[in-house]
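Down below is the structure, laid out as structure tokens.
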Amino acid sequence: MTCTIIVGGFFGDEGKGKIVAHIAHQDRPTIISRGGVGPNAGHTVIVGDKEYGVRMVPSGFLYPDARLMIGTGVLVDPRVFKHEVEMLGVGDRIFIDSRCSIIDEEHIARDKSSDHLAKTIGSTGSGCGPANSDRVLRTARQAKDLPELSRYLTDVPMELNTAIKRGENVLLEGTQGFGISLYYGTYPFVTSKDTSASQIAADNGVGPTRIDDVVVVFKAYPTRVGEGPFLTEMDRSVSDRLGIQEFGTVTHRQRRIGQWDGDMARYSAMINGCTQVAITGIDRVDKDCFGVTEYEKLSRKAREFLKMAEDDIGYPITLISTGPEVSQIIDIRERR
Ligand code: IMP
Ligand code: MG
């Protein structure tokens with residue numbers, strides 16, 4: 001019976017959504033709750049030939065038996081929320097903490113019209129920075145102020161802590177990635193809040209002593225969208241030759257692609273309090289590994305990469321993603 005946090009170890013878009021969906025199907029949590037900044041994050045989840053990009057609903061929605069929650073620290077854009085709830089048909093099992101701060105149209109306008117945010121930082125334009133700034137200035141609205149959200153309101157920390165006390169499994173999903181943390185990232189080219197596991201716990205009102213597992217997700221070839229330093233960034237021609245091209249879920253901007261960064265991975269694992277590691281994109285290290293679901297069937301090249309990454313990080317790699325679809329994964333958590 002565990003409370004597990006899942007966070008991104010690089011600059012976001014590590015494939016957390018898929019890892020959350022997989023863990024949910026295996027571990028059958030009763031609640032999956034989202035932490036992180038807000039609708040600036042997009043999680044892509046692919047099941048069969050269907051692709052979902054979610055910005056407010058937890059990416060664990062694919063697992064039908066969990067209640068879905070949005071933690072107190074998260075910013076809620078009521079328009080994005082309504083759209084996703086209708087599209088995914090999750091209205092009867094999703095809840096918002098009544099103290100979540102609201103993103104108003106005016107926050108989005110400020111995000112997009114500010115040269116500093118839109119151009120220098122390369123924000124997603126989703127209003128998160130201005131909304132968090134109003135939250136700190138104590139002028140923001142809260143979810144409980146909006147009549148259209150009243151049917152979804154709950155006390156998320158109370159729900160989670162009660163479930164944990166009963167011995168149920170719960171999942172807390174992080175958004176963004178370590179490198180764009182307001183505290184630990186490449187300031188000022190960062191998002192408007194910390195993104196580490198401690199923040200995800202705080203966003204959900206779960207104290208540090210109640211967390212059992214922290215899964216940090218790294219991708220074999222890290223990516224970054226928006227401006228800011230990226231030490232291992234490759235020239236576009238090199239990543240093109242490797243056949244790697246990615247586009248953002250929220251902004252559709254082309255992502256910058258980099259080589260594996262062992263130093264960043266180690267530092268990120270430390271601050272996140274990592275207990276287990278998930279590595280995504282192993283099919284890019286060796287195309288022959290695409291879709292493989294058994295560790296023994298991984299090629300030598302892939303295993304050598306995993307060994308190197310594990311030595312860098314200093315914590316066991318227990319989940320290995322071999323393709324974008326939810327079932328394309330090797331889960332060796334039990335064996336470790
Ligand atoms: P903001 O969070 O929209 O203010 O954007 C600040 C910076 O964080 C920009 O470089 C964004 O591209 C980046 N960013 C914010 N959220 C995400 C995410 O979920 N994935 C990747 N980058 C993000
Ligand atoms: Mg994303």
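Some notes on this structure:
- Whether segment 127-187 is rounded, prolate or oblate, judged on the alpha carbon gyration tensor where a/c under 1.5 counts as rounded: oblate
- Nonlocal amide H pairs with GLY8, under 5 Å, H built at 1.01 Å: PHE178, VAL217
- Cβ charges +1 (Lys, Arg) and -1 (Asp, Glu), total dipole of the chain, debye: 180 debye
- Here the relative contact order of segment 1-90, from alpha carbon pairs under 8 Å that lie six or more residues apart, stands at 30 percent.
- Interchain or long-range residues, amide H under 5 Å from ILE70's placed H: ARG34, PHE95, ILE96, ASP97
- Rounded to the nearest 20 debye, dipole of segment 1-124 from Cβ charges on Lys, Arg, Asp, Glu: 180 debye
- All Cα-Cα distances of segment 53-201, cut into 10 Å bins from zero to the largest, leave 11, 38, 37, 13, 1 percent in each bin in turn.
- Between segment 273-331 and segment 14-85, the alpha-carbon center distance in angstrom: 23 Å
- Coupling constants for segment 5-22 follow from the phi torsions by the Karplus curve (6.51 cos²θ - 1.76 cosθ + 1.60, θ = phi - 60°), and in residue order they are 9, 10, 9, x, x, 10, 9, x, 6, 7, x, 4, x, 5, 5, 4, 4, 5 Hz; glycine and proline get x.
- Taking 30 Å as the straight-line reach from the Cα of LYS219, the lysines in range (excluding those fewer than 8 positions away in the same chain) are LYS16, LYS18, LYS50, LYS112, LYS119, LYS193, LYS287, LYS297, LYS301, LYS307.
- The chain: relative contact order in percent, alpha carbon pairs under 8 Å with at least 6 residues between: 23 percent
- Translational diffusion of segment 179-274 was estimated from the Stokes-Einstein equation, with Rh taken as the Kirkwood radius over Cα pairs; at 20 °C and 1.002 mPa s the coefficient is 145 µm²/s.
- Near VAL76, the amide H atoms lying under 5 Å from its own belong to SER101, ILE102, ILE103; only residues 5 or more places off or on other chains count, and H is placed 1.01 Å from N.
- Sorted by Cβ density within 10 Å, fewest first, the residues ARG241, ARG255, ARG210: ARG241, ARG210, ARG255
- Residue order, fewest to most beta carbons within 10 Å, for THR209, THR232: THR209, THR232
- Equivalent ellipsoid dimensions for segment 3-335 as semi-axes, Å, which come from the Cα gyration tensor, largest first: 30, 24, 18
- Along each principal axis, Cα extent of segment 24-139, largest first, Å: 44, 32, 23
- Most mobile of PRO58, PRO188, PRO157 in a GNM of the chain (Cα contacts under 10 Å): PRO188
- The charge dipole of segment 124-243, taken about its Cα centre with unit charges on the Cβ of Lys, Arg, Asp and Glu (plus for the first two, minus for the last two), comes to roughly 140 debye.
FYI, it's all coordinate maths here, none of it is from the lab. A quick note: this is a predicted structure, and the numbers were derived from the prediction, not measured. Every residue, glycine among them, receives a Cβ derived from its backbone with ideal geometry; neighbour counts consider all protein chains shown.
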